[in-house]
Amino acid sequence: MRVAEGRFVVEGPQAVREALPALLEMFVDAAGAERHADLVRAAPCRVTAVSTVVLAAMAQTVTPQGIVGVAPLLDVPLAQALDAGPALVAVLECVSDPGNAGSVIRTADAAGAGAVVLTQGSTDPHGGKCVRATAGSLWHLPVVSGPGVAESVEALRVAGLRVLATTGAGTADLDDLQDSGELAAPTAWLFGSEAAGLTAAALRLSDLTVRIPVRGRAESLNLASAAAVCLYASARAQRGQEPNRRH
């Protein structure tokens, strides 16, 4: 239905605030209208007062927060996202859990990434759980949904990015890459699902497989943590090059 209508539900004050300029409609119950009066006043669209029962039917959470928005789909074509020349991109392969995908989008935004790509087989970034997990970051950077992993990797290479794949059996150590300065180059990180990791095909397509060193006794890091470690490592390395570019 989201695809057919070209719009999706935005739930909760944080997401509504970030989506505000793009909202097509807003719905509030009596408590929500009072609690989120600033959002109601700033709304660029029609605001409709509804009962708490109606709002609960529209929302996807057990305890809705009194405000729901409707926004147009945010799908960005891969070529358009890469035309902006991003130096850091997160690519999710077959990540079906919407909470994990949303957390990575939020992390990528925080690290200053230029785009997030959810390849074919990954969750819909417009689903309620994913939208909530992004905490508004869905509106802060281009999010591409649906291209194949081979198509994505080829486009990333053409755009000048090195493609690194995260895996526990990676041939390169993340700390070594950071120490050598290799992470300062424009980079796309490939991340796989929480349960299965990256497919063999994705690993073969990458320029380099990278393992995150585990110093303690933990078996591994979860997807969101691994993405945070890798994206911030690249962001820090790339930031170290900025003074040279400015001066």
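So for the stretch 120-247, what are the equivalent ellipsoid semi-axes in whole Å, largest first, each being the square root of 5 times an eigenvalue of the Cα gyration tensor? Intermediate values should be presented prior to the final figure.
Values: eigenvalues 104, 78, 57 Å².
One finds semi-axes of 23, 20, 17 Å for the stretch 120-247.
Candidates (i) 137; (ii) 170; (iii) 149; which is the computed volume of the Cα convex hull per residue in Å³?
Only one listed value fits the structure, namely (iii).
May I ask you to work out the translational diffusion coefficient for the stretch 1-130 at 25 °C, viscosity 0.890 mPa s, via Stokes-Einstein with Rh from the Kirkwood sum over Cα pairs, reported in whole µm²/s?
On the way: Rh = 15.9 Å.
Estimated via Stokes-Einstein, D reaches 155 µm²/s.
Per residue, how big is the convex hull around the C-alpha atoms of the stretch 130-202? Give it to me in cubic angstrom, could you? Don't skip to the answer; put the middle values down first.
Details: hull volume 10.2 nm³, N = 73.
Hull volume normalised by residue count: 139 Å³.
Run the dipole for the chain about the Cα centre, Lys and Arg Cβ at +1, Asp and Glu Cβ at -1, nothing else charged, and hand back the magnitude in debye, nearest 20.
Working: 19 positive and 24 negative charges, 73 e Å.
Dipole size: approximately 340 debye.
Which three semi-axes in whole Å describe the equivalent ellipsoid of the stretch 1-41, each the square root of 5 times a Cα gyration tensor eigenvalue, listed largest first? Spell out each step's value before the answer.
Working: eigenvalues 89, 23, 13 Å².
Each semi-axis is √(5λ); the values are 21, 11, 8 Å.
List the residues whose amide H sits under 5 Å from the amide H of G12, counting only those 5 or more places along or on another chain, with H placed 1.01 Å from N in the peptide plane.
Hits under the 5 Å cutoff: Q65, I67, G69.
What FRET efficiency would be calculated for the residue pair E194, T61, taking the C-beta separation as r and a Förster radius of 35 Å, to the nearest 0.05? Write out the running numbers ahead of the final one.
Values: r = 22 Å, r/R0 = 0.63.
That pair, E194 with T61, gives E of 0.95.
At 4 °C and 1.567 mPa s, grab the translational diffusion coefficient of the stretch 2-72 from Stokes-Einstein with a Kirkwood Rh over Cα pairs, rounded to a whole number in µm² per second. List each step's numbers first, then the result.
On the way: Rh = 11.8 Å.
Using the Kirkwood radius from Cα pairs, D works out to 110 µm²/s.
Positive end of the charge dipole of the chain (Lys, Arg +1 and Asp, Glu -1 on Cβ, about the Cα centre): tell me which of W139, A185, V28 has its Cα farthest that way.
Result: V28, furthest along the dipole toward the positive end.
Just to check, using Stokes-Einstein with a Kirkwood Rh over alpha carbon pairs, what's the diffusion coefficient of the stretch 84-154 at 37 °C and 0.692 mPa s in µm²/s?
Value of D from the Cα-based Kirkwood radius: 280 µm²/s.
Each value in this text was obtained by applying a stated rule to the coordinates, not by laboratory testing. Since the model is a prediction, treat every value here as computed from it, not as a measurement. Quick reminder, even Gly has a Cβ in these numbers, built from the backbone with ideal geometry, and neighbours come from all protein chains shown.
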